[in-house]
Amino acid sequence: MKPLVILLPCWVLLSTLLGPAAAAESLLAGVAKVDITDPDHPAKENPPMVKALVLSQGTTHAVIVAIDAVAVAEIGSIRDPFLAEVRAALEKDPGLPASSLVVNASHCHAMVAPDIAARTIRAVTEAWKNRVPVKAGAGTGHEETIMENRRLKLKSGKEADVRHAYALPFDDEVAAVGPIDPEIGLLRFDRIDNGKPLAVVFQFAVHPIMGLPDGGNGADLSGYAAETIEANLGDGSATALFLQGCGGDINPVLYKSVDLPRDGRSLGMRLGLSALSGLRAIETAAEAPLSIASETLTLPRADHAPGMAEMEKEIDALTAALKGTTLNFETFLPLYVKYHLNSDYPSEVAGRYLQEELLGRNDWKSQDAANRAAMDAYLRNIRTMEELTRKQINRDLLSRHQARRAELGETVTAEVVGLRVGDFRLVTFPAEVTVQIGLGLKERSPHPLTFVSGYTNGYLYYAPTLEQAKNRGNAQEDSDCLLAPEWQGMFEEAALRLLK
């Protein structure tokens with residue numbers, strides 16, 4: 001059955017997208033932030049926040065809410081009906097339409113307070129009351145050193161991803177890595193009365209999952225980036241809101257390093273400084289048309305049953321490939337080290353080998369051959385075991401989504417929002433969108449300052465490309481996925497409509 005696309009009849013156009021009447025109205029902006037740290041898990045520094053930016057132009061209102069949390073419901077501390085509760089309260093007071101909200105989760109893994117809905121409502125309400133006339137401007141920054149694509153293209157034609165849940169493929173299996181998006185989307189608001197910066201929005205694609213060496217609670221690298229911007233822009237009174245981009249397959253750099261302490265602080269400060277460089281180059285203007293529109297899509301859930309059956313065969317084959325070896329870890333490790341220290345004379349000094357060669361004997365070389373064969377057998381088991389681990393974990397992710405498909409039906413709804421502030425265009429989707437989607441939409445957009453944010457107004461797990469979906473079972477971005485491959489084309493069509 002072909003999936004349905006439902007277009008909301010009102011199209012939720014709160015103003016004419018390009019109309020001169022909207023542009024003639026003064027733009028108002030108000031900002032507020034509230035600490036959302038879970039009281040049972042206090043943050044020593046860089047606490048998670050909810051930040052709200054309320055924009056008004058005539059009868060058009062748009063609310064950007066940036067939350068230092070892993071997701072808006074489904075996973076992490078925020079649970080349904082969070083979004084519905086926030087929208088209902090704000091519709092009642094101060095009368096903001098439900099469709100005016102853009103709620104983005106940074107995807108940091110902070111633990112937030114149980115009353116997150118009440119704190120979010122408070123932040124938006126305070127921002128509404130704080131509105132003042134502003135000038136707005138948009139631009140970009142550039143940062144390419146703090147992140148890397150987590151997907152490894154293998155010589156086998158498959159792809160693996162970089163996670164703590166399982167081991168990396170061996171280096172000799174890796175052929176290439178995927179792309180990154182170094183562009184920082186920037187939106188700046190300056191007060192008209194005194195010219196001071198009031199608020200900035202910075203949008204970037206990266207998983208903020210580096211944390212700190214002690215594993216403490218906090219807003220991770222995106223929080224440090226916001227702090228860096230706030231401390232160094234103008235007189236320090238501006239508020240910086242981070243919006244997560246298409247970071248589904250983008251890790252912080254050196255995410256799995258065992259030689260360096262985990263440190264989101266330095267990466268966040270670098271991102272903040274790169275954003276500041278772009279923000280300082282932006283010229284703001286009083287004329288900045290504001291519009292917001294949305295569509296609700298009905299998307300097909302993936303049927304993982306055929307793929308899971310194939311995976312079970314692969315898991316059985318890998319299990320059967322595990323063979324007994326003469327070595328155990330305690331005997332393998334010293335052999336492996338010494339045979340890599342000196343491949344010519346691993347078992348004894350060179351003189352002993354040369355003496356045997358002089359006598360026409362090859363005892364040491366025979367022993368070396370036997371040891372190398374034993375190590376190869378042991379290493380084959382290790383490779384098989386690690387591949388088996390990846391398969392089993394990703395099989396379990398697929399199984400979970402297949403069970404929910406049986407329970408909840410074959411379709412799911414997704415809200416797609418298009419926001420314009422002057423030259424700044426933002427399109428959102430409620431899932432962990434991979435970076436290729438964002439790069440592709442930017443290239444196809446008629447507007448140069450177009451940015452795409454996942455993790456917004458809901459959470460539908462990972463949203464891989466059509467090509468990535470063929471790799472299911474080998475990477476989390478393809479396995480922790482409830483969407484059928486058709487989602488990509490349906491979303492991109494909606495996004496381009498909203499960008500016209």
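Sorting GLU407, GLU387, GLU45 on the 10 Å Cβ count, fewest up front, what's the list? Could the numbers behind the result be given before it?
Values: GLU407 7, GLU387 21, GLU45 13.
By the 10 Å Cβ count, ascending: GLU407, GLU45, GLU387.
In degrees from 0 to 90, rounded to the nearest 10, what is the angle of the helix 487-499 Cα long axis to the longest principal axis of the chain?
Tilt relative to the chain: about 30 degrees.
Could you work out Rg/(2.2 N^0.38 Å) for segment 435-500, with Rg from alpha carbons only? If you can, show how the numbers build up before the last one.
Values: Rg = 12.5 Å, N = 66, 2.2 N^0.38 = 10.8 Å.
Normalised by 2.2 N^0.38 Å, the Cα Rg of segment 435-500 equals 1.15.
Using Cβ contacts closer than 10 Å as the measure, can you line up ASP423, ASP259 from fewest to most? Mind showing how you got there, number by number?
Working: ASP423 17, ASP259 5.
Ordered by Cβ neighbours within 10 Å, fewest first: ASP259, ASP423.
Calculate the all-directions average of the projected area of the chain's alpha-carbon convex hull, and give it in nm². Numbers along the way, then the final one.
Values: hull surface 110.6 nm².
Mean projected area for the chain: 27.6 nm², to one decimal.
Please rank TRP487, TRP128, fewest neighbouring Cβ atoms within 10 Å first, as an exposure proxy. Let's see the in-between values first.
On the way: TRP487 29, TRP128 21.
Listed from fewest to most nearby Cβ atoms, that is TRP128, TRP487.
Cut-off under 13 Å on the C-alpha distance; same-chain residues fewer than 8 positions from LYS155 excluded. Which aspartates and glutamates are left, in chain and number order?
ASP171, ASP172, GLU173
What share of Cα pairs, in percent, lie more than 17 angstrom apart in segment 269-375? Display every interim value, and only then the final one.
Working: 4419 of 5671 pairs.
So the portion of pairs separated by more than 17 Å is 78 percent.
Measure nothing fancy, just the Cα-based angle from helix 264-279's long axis to the longest principal axis of the chain, in degrees from 0 to 90, nearest 10.
40
Output the pairs from LYS51/LYS391; LYS153/LYS313; LYS196/LYS442 with a Cα-Cα distance over 29 Å in this structure; if there are none, say none. Show your work: numbers first, answer last.
Working: LYS51/LYS391 40 Å; LYS153/LYS313 23 Å; LYS196/LYS442 31 Å.
From LYS51/LYS391; LYS153/LYS313; LYS196/LYS442, over 29 Å: LYS51/LYS391; LYS196/LYS442.
Roughly how tilted is helix 82-92, in degrees to the nearest 10 and between 0 and 90, from the longest Cα axis of the chain?
10
Considering amide H positions built from the backbone, and no H for Pro or chain starts, which residues 5 or more places from GLU148, or on another chain, come under 5 Å of its amide H?
It is ASN251, VAL253, by chain and number.
Quick one: 3J(HN,Hα) in Hz for segment 321-329, Karplus 6.51/-1.76/1.60 with θ = phi - 60°, rounded, Gly and Pro as x.
Values per residue, Gly and Pro as x: 6, 6, 10, x, 10, 6, 8, 10, 4 Hz.
May I ask you to order 249-255, 157-163 by the average number of other C-beta atoms within 10 Å around their residues, highest value first? Write out the running numbers ahead of the final one.
On the way: 249-255: 21.6, 157-163: 19.3.
Result, highest mean first: 249-255, 157-163.
What FRET efficiency, computed as 1/(1 + (r/R0)^6) with R0 = 25 Å and r the Cβ-Cβ distance, is obtained for ILE315 and ASP171, rounded to the nearest 0.05?
Working: r = 24 Å, r/R0 = 0.98.
FRET efficiency, ILE315 to ASP171: 0.55.
For every helix of n ≥ 4 consecutive DSSP H residues, a contribution of -39,500 (n - 2.57) applies; sum these over the chain, divide by its total residues, and give [θ] at 222 nm rounded to the nearest 500 deg cm²/dmol. Mind dumping the intermediate values first?
Working: 13 runs with 175 residues, N = 500.
After summing the helix terms and dividing by residue count, I get -11000 deg cm²/dmol.
So for segment 301-439, averaging the separation of alpha carbon pairs under 8 Å that are six or more residues apart and normalising by length, what relative contact order in percent results?
Numbers: 82 pairs, mean separation 47.9, N = 139.
Computed value for segment 301-439: 34 percent relative contact order.
Tell me the relative contact order for segment 316-394 as a rounded percent, counting alpha carbon contacts under 8 Å between residues six or more apart. Walk me through the numbers before you get to the answer.
Values: 39 pairs, mean separation 39.1, N = 79.
Here the relative contact order equals 49 percent.
Percent relative contact order of the chain, based on C-alpha pairs within less than 8 angstrom and at least six residues apart? Spell out each step's value before the answer.
Values: 1150 pairs, mean separation 94.7, N = 500.
19 percent.
What chymotrypsin sites (Phe, Trp or Tyr not before Pro) in segment 147-252 are in a loop by DSSP, with at most 13 other Cβ atoms within 10 Å of the Cβ? Write down the numbers at each step before the final one.
On the way: sites: TYR166, PHE170, PHE189, PHE202, PHE204, TYR224, PHE242; in loops: TYR166, PHE170.
In loop regions of segment 147-252 (DSSP not H, G, I, E or B), the sparsely surrounded chymotrypsin sites (Phe, Trp or Tyr not before Pro) are PHE170.
Please quote Rg/Rh for segment 104-154 to two decimal places, taking the Kirkwood radius as Rh and restricting both calculations to Cα atoms.
Details: Rg = 18.2 Å, Rh = 15.9 Å.
Expressed as Rg/Rh, it is 1.15.
Which entries in LYS44/LYS129; LYS33/LYS129; LYS44/LYS256; LYS338/LYS365 show an alpha-carbon gap greater than 22 Å?
Values: LYS44/LYS129 31 Å; LYS33/LYS129 13 Å; LYS44/LYS256 24 Å; LYS338/LYS365 14 Å.
Violating the 22 Å Cα-Cα cut-off are LYS44/LYS129; LYS44/LYS256.
Grab the beta carbon distance between ALA403 and GLU348, set R0 = 56 Å, and tell me the FRET efficiency rounded to 0.05. Walk me through the numbers on the way to the answer.
On the way: r = 59 Å, r/R0 = 1.05.
With R0 = 56 Å, the Cβ-Cβ based efficiency is 0.45.
No value in this document is a laboratory result; all are computed from the given coordinates. From a predicted model like this one, the values you see are computed outputs, not experimental measurements. Virtual Cβ from ideal backbone geometry, glycine too; neighbours counted across all protein chains shown.
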